[in-house]
Amino acid sequence: MVFQPLIRTFAPMNEKTGVFVGTFNPFTIGHDSIVRRALPLFDRLVIGVVGDNVQKPHITPAEQRMEAIRFLYANEPRIEVRPYYGLAVDFARSVSARFIVKGVRTAKDFEYEREQADINRLITNGEVETILLYAEPHLSSISSSMVRELEHFGLDVSQFLPSIPVKQSQS
């Protein structure tokens, strides 16, 4: 039996678009690191914020999470922030993206994201690929759930959240 190499052809696109999806409740310095490191790979990066979820009644409303992220990247025209519901691959297709960007902190994250990437590639016939970016070592313990828990117990979590950019005054 002779194995033929799998050759995929993609429709030419003038713009390389990636999506970075998540609940982002809250958007942490770890998320910000992934966005800033992924941005040079793309002409456009769409941050997909999981919409309001009845299964998670204590989640911050999606519009509030999106506004905070939009404000953070207000000076970066290549970044868009949109709500999404359903499968990440469907969201990627809806914004003409061929790539899903995922952050990986641990071996457990890697295994989960590898399985998701395999399934996403399968159900899209190879049209949507996943790019894994490893967390920077000093950020690998930071998660939204950890930030929420610390905040619940009254701790200051500002060190785990991105600094809001200072708008430059027009002279």
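The values are calculated or read from the model by the stated rules, or taken from the named source; none is laboratory data. All values reported here derive from a predicted model rather than from experimental measurement. When we count neighbours, we look across all protein chains shown, and the Cβ atoms used for this are built from the backbone with ideal geometry, even at glycine. To get the accessible areas, we keep the full protein, side chains included, count just its heavy atoms, and leave off ligands, DNA and RNA. Shrake-Rupley method; radii C 1.70, N 1.55, O 1.52, S 1.80 Å.
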Can we say VAL35 is part of a strand (DSSP E or B) and either free of Cβ contacts under 8 Å to residues at least 40 places away in the same chain or closer than 29 Å to ARG121 by Cβ (or both)?
no
Count - residues of the range 119-131 that are crowded, with 16+ Cβ neighbours inside 10 Å and part of a helix (DSSP H, G or I):
2
Looking at the range 51-71, is at least one residue touching a helix residue (DSSP H, G or I) at 6+ places or on another chain (Cβ under 9 Å) and either touching a residue at least 60 places away in the same chain (Cβ under 8 Å) or at positive phi (or both)?
no
Looking at the range 41-118, what strands (runs of 3 or more DSSP E) fall wholly within it and have at least 1 residues that are charged (D, E, K, R) and under 11 Å from VAL21 (Cα atoms)?
79-84, 99-104
Extreme residue, farthest from the chain's Cα centre (by Cα), among residues of the range 132-165 that are aliphatic (A, V, I, L, M) and part of a helix (DSSP H, G or I):
LEU150
Output for the range 3-40, where each listed residue is at pLDDT 95 or above, under 22 Å from ASP90 (Cβ atoms) and of a type in the set (A, V, I, L, M):
VAL19, VAL21, ILE34, VAL35, ALA38
Sole miss for TYR84 among (1) within 18 Å of GLN116 (Cβ to Cβ); (2) modelled with pLDDT of 95 or more; (3) open to solvent by less than 70 Å² (accessible area, probe 1.4 Å) is condition (2)
HIS152 passes all but one of the listed conditions (1) open to solvent by 100 Å² or more (accessible area, probe 1.4 Å); (2) in contact with a strand residue (DSSP E or B) (Cβ under 7 Å, 6 or more places away or on another chain); the exception is number (2)
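Being modelled with pLDDT of 95 or more and not hydrophobic (A, V, I, L, M, F, W, C) is the filter here, so list the residues in the range 41-62 that pass it. Show your work before the answer.
Start the filter on the range 41-62 by keeping residues that are modelled with pLDDT of 95 or more, which leaves 41-49.
Selection gives ASP43, ARG44, GLY48.
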All but one of (1) farther than 21 Å from LEU161 by Cα; (2) touching a helix residue (DSSP H, G or I) at 6+ places or on another chain (Cβ under 8 Å) hold for PRO77, so report the exception by its number.
(2)
